[in-house]
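Peer 1: Questions regarding the structure given below will be posed in turn.
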Amino acid sequence: MSRGFVYNILFRTGIVLSVYIRMSLLKPFSKLPGLNAANILLVECEEQFQKSLADALVEETAVTVYVRLAKSLPLPKENEESRPRIDLVVFIINLTSELSFQSAEASLKYLDPGYLLGKVCFMVTNARNASVPTERLDAVRKLAAALHCPLLFAEDQTPDGVTYATKRLLSILKVSAGLVPMATALYLSSLTSCTVPPDIDQPSFD
Amino acid sequence: MDPSDGKGSLNLMVEAVALNPAADSSNAQKDTPPTDMLRMNQQMSNQCFEMAVQLQAGKSKRSCSTSEAERDLPVYVKELEGVKTLNFNSTLTLHRMQMWHAIGETVKGNYSGSVALKAGNDRCMALCSQIKQCQQESKDLQDEVTEVLKKRLEMKRLIDEKMKEMEDLKSKKEDGFTEKYKAAMEKGQENLEKYRKLGVMTQNVLRGIILACRVNWMEDPTLRDIAMTLEDLPFSD
């Protein structure tokens, strides 16, 4: 039993842990892409908005969209073999809860850096809510700008809001899956990546 | 991560699909498979390109600070956009040339549609020359309109000048007139005052004389008339 205890401690040391993380990274190019198909992964801590988004996304007729839902990364190892190649990873952050942002940040560690070249997108809900502290939105903005990813704002309560969010996700997804002739995900991300206004640290007038 | 292996098997997969269009029997129509396959081919080439980019990035690893990279990034993006625009324009030009070449070939050879094409071409030429004529006419008319407008503007300017002159003259004349009038009025009034005082004084004197003589002026009609007129004038101040 004591050996098990020692092994446990060893397991928790940095070296072994980093190997463990690296093995469970979500990699962009380790599988073959699907023909005339696009795979999107929606990561959301609350698991609410992703369902309505998924329903709207699969209604697209021009191309077959496969939607996978997750609460956080790393993804369970059991599905590793059957899971197809993911073209776009969307982190859905609900601004009214701090847990949502922290969960997204923690999930980022399990993402291969190859994804950050245009295959990651941040989607933020409830940005208009009065109870949201401005620092959280600023923190999300800074994160998206540091990773050169697009930041989308969505409204999840009305069906119209879901439709608009779906449309925008689909346009980014089509580029990531290679379905748009002259554009690649990297090129699109250089055009759509989030930027932080220079006066973000100054207090806004309320 | 072994994208080069993936690329090889990708090519095999695309070839397999190309050799067995029957495998794509999920699309029932006969003419959609080629376009679908072209689209899929494009998609695969896009994916291959992305993987090649990843390989390239993996190969040339040099250490540089993030601030340096951030500085260089916009420059590269601008360059990339410039090259893309150039490429797009060149592709458009190429397509145009291809179209024209195809049309030329069709018209020259005696294909089934070439008679209709020639007729269409002639009609286009006729319409184009008509268009040119109309454009020329409209240009001439526009020039004429501009000339008329210029003349009108000139007229307006002259009118404004003349009006200004008239206003100046009018104001000058009125000023002179009122001044002279005022002077004359004052002089007249002075004279009036003077003669009025004279009159009043004369009447007083006459009244005094009549009273001093103790004559009964009411009986004599001429004297009575004179005395009546004396009383009409009020006493002077």
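The values are calculated or read from the model by the stated rules, or taken from the named source; none is laboratory data. All of these numbers come straight from a predicted model, not from anything done at the bench. Ideal geometry is used to build each Cβ from the backbone, glycine not excepted, and the neighbour counts take in all protein chains shown. With ligands, DNA and RNA removed, areas are computed over all heavy atoms of the protein, side chains included. Shrake-Rupley method; radii C 1.70, N 1.55, O 1.52, S 1.80 Å.
Peer 1: Which distance in nm do the two modelled labels at A:Gln48 and B:Ile159 give, with both placed 7 Å along the Cα-to-Cβ direction?
Peer 2: Once both label points are built, they end up 7.2 nm from each other.
Peer 1: What percentage of all Cα-Cα pairs in region B:137-237 are separated by more than 20 Å?
Peer 2: Values: 3530 of 5050 pairs.
So the pairs more than 20 Å apart make up 70 percent of the total in region B:137-237.
Peer 1: What does the charge count around A:Glu155 come to, taking other residues whose C-beta lies under 14 Å from its C-beta (Lys +1, Arg +1, Asp -1, Glu -1)? Before the final figure, lay out the partial values.
Peer 2: On the way: positive: A:Arg128, A:Lys167, A:Arg168; negative: A:Asp156, A:Asp160.
Spelling it out: positives minus negatives among the neighbours equals +1.
Peer 1: Would you kindly derive the ³J(HN,Hα) couplings of region B:165-182 from the backbone phi angles with the Karplus curve 6.51 cos²θ - 1.76 cosθ + 1.60 (θ = phi - 60°), listing them in order in whole Hz, with x for Gly and Pro?
Peer 2: My calculation for region B:165-182 gives 4, 4, 4, 4, 4, 4, 5, 4, 4, 4, 4, x, 4, 4, 4, 4, 4, 4 Hz in order.
Peer 1: To the nearest 20 debye, what charge dipole does chain A have about its Cα centre, counting +1 at the Cβ of each Lys and Arg and -1 at the Cβ of each Asp and Glu?
Peer 2: Numbers: 20 positive and 21 negative charges, 182 e Å.
Its charge dipole is roughly 880 debye.
Peer 1: With θ set to phi - 60° and the Karplus curve 6.51 cos²θ - 1.76 cosθ + 1.60, what are the ³J(HN,Hα) couplings of region A:152-163 in order, to the nearest whole Hz, using x for Gly and Pro?
Peer 2: Using θ = phi - 60°, the values come out as 10, 9, 10, 10, 9, 7, 9, x, 4, x, 5, 4 Hz.
Peer 1: Further question: Rounded to whole Hz and in sequence order, give me ³J(HN,Hα) for region A:120-130 from the Karplus expression 6.51 cos²θ - 1.76 cosθ + 1.60, θ = phi - 60°, writing x for Gly and Pro.
Peer 2: 10, 9, 10, 10, 10, 10, 6, 6, 8, 5, 6
Peer 1: Among A:Pro76, A:Gln48, A:Ala154, whose Cα lies farthest out toward the positive end of the dipole of chain A, if unit charges sit on the beta carbon of Lys, Arg (+1) and Asp, Glu (-1)?
Peer 2: Towards the positive end, the residue furthest out is A:Pro76.
Peer 1: Determine the dipole magnitude for region B:186-230: charges of +1 sit on the beta-carbon of Lys and Arg, -1 on that of Asp and Glu, nothing else is charged, the reference point is the Cα centre, and the result goes in debye to the nearest 20.
Peer 2: Numbers: 7 positive and 6 negative charges, 28 e Å.
Roughly 140 debye for region B:186-230.
Peer 1: Need the full-extension length gain, B:Lys132 to B:Lys151, defined as separation in residues times 0.36 nm minus the C-alpha distance. One decimal, nm.
Peer 2: On the way: separation 19, 0.36 × 19 = 6.84 nm, distance 2.88 nm.
Net length gain for the segment: 4.0 nm.
Peer 1: So if I take the centroid of the Cα atoms in region A:102-171 and the same for region B:158-237, what is the distance between those two points in Å?
Peer 2: Value for the Cα centre distance between the two parts: 101 Å.
Peer 1: Give me the Debye-computed log₁₀ of I(q)/I(0) at q = 0.16 Å⁻¹ for region B:62-204, equal point scatterers on Cα only, no solvent, two decimals.
Peer 2: -1.07
Peer 1: Using unit Cβ charges (K, R positive; D, E negative) and no other charged atoms, how large, in debye to the nearest 20, is the dipole of region B:117-188 about its Cα centre?
Peer 2: Charge dipole, region B:117-188, about its Cα centre: 80 debye, nearest 20.
Peer 1: On to the next question. Let me know the Kirkwood hydrodynamic radius for region B:186-230, please, with Cα pairs as the basis and the value in Å to one decimal.
Peer 2: On the way: mean 1/r = 0.0847 Å⁻¹.
Roughly 11.8 Å, rounded to one decimal.
Peer 1: Need the full-extension length gain, B:Ala57 to B:Leu141, defined as separation in residues times 0.36 nm minus the C-alpha distance. One decimal, nm.
Peer 2: Values: separation 84, 0.36 × 84 = 30.24 nm, distance 6.42 nm.
The B:Ala57-B:Leu141 span can extend by a further 23.8 nm.
Peer 1: Once you place label points 7 Å from the Cα toward the Cβ at B:Cys124 and B:Glu186, how far apart are they in nm?
Peer 2: Simple spin-label model gives 9.3 nm for this pair.
Peer 1: Another question about this same structure. Rounded to the nearest percent, how much of the accessible area of region A:89-206 (1.4 Å probe, protein heavy atoms only) is carbon and sulfur? Write out the running numbers ahead of the final one.
Peer 2: On the way: 3330 of 5680 Å².
Percent of accessible area from carbon and sulfur atoms in region A:89-206: 59.
Peer 1: Another one. Taking all pairs of different Cα atoms in region A:39-192, averaging 1/r and flipping that mean, what Kirkwood radius in angstroms comes out? Numbers along the way, then the final one.
Peer 2: On the way: mean 1/r = 0.0637 Å⁻¹.
After inverting the mean inverse Cα-Cα distance, the result is 15.7 Å.
Peer 1: Moving on. Which FRET efficiency value, to the nearest 0.05, do you get for B:Met97 and B:Ala69 by plugging their Cβ-Cβ distance into 1/(1 + (r/R0)^6) with R0 = 30 Å?
Peer 2: Plugging the Cβ-Cβ distance into 1/(1 + (r/R0)^6) gives 0.15.
Peer 1: Skip the ligands, DNA and RNA, and give the accessible area per residue of region A:39-192 with a 1.4 Å probe, whole Å². Please report the intermediate quantities before stating the final value.
Peer 2: Numbers: 6910 Å² over 154 residues.
That works out to 45 Å² per residue.
Peer 1: A:Ile93's amide H: which non-local residues (gap 5+, or another chain) put their own amide H closer than 5 Å, with H modeled 1.01 Å from N in plane and none for Pro or chain starts?
Peer 2: It is A:Met123, A:Val124, A:Thr125, by chain and number.
Peer 1: Using modelled backbone amide H atoms (1.01 Å from N, in-plane), which distant-in-sequence or interchain residues come within less than 5 Å of A:Leu26's amide H?
Peer 2: Under 5 Å from the amide H of A:Leu26: A:Leu111, A:Asp112.
Peer 1: Using a 1.4 Å probe on protein heavy atoms only, how many Å² of accessible area do A and B hide from each other, summed over both chains and rounded to 100?
Peer 2: The A and B chains share an interface burying roughly 2300 Å².
Peer 1: Compute the distance in nm between two label points, each set 7 Å from the Cα along the Cα-to-Cβ direction, one at B:Ala116 and one at B:Tyr76.
Peer 2: So the label points at B:Ala116 and B:Tyr76 sit 5.3 nm apart.
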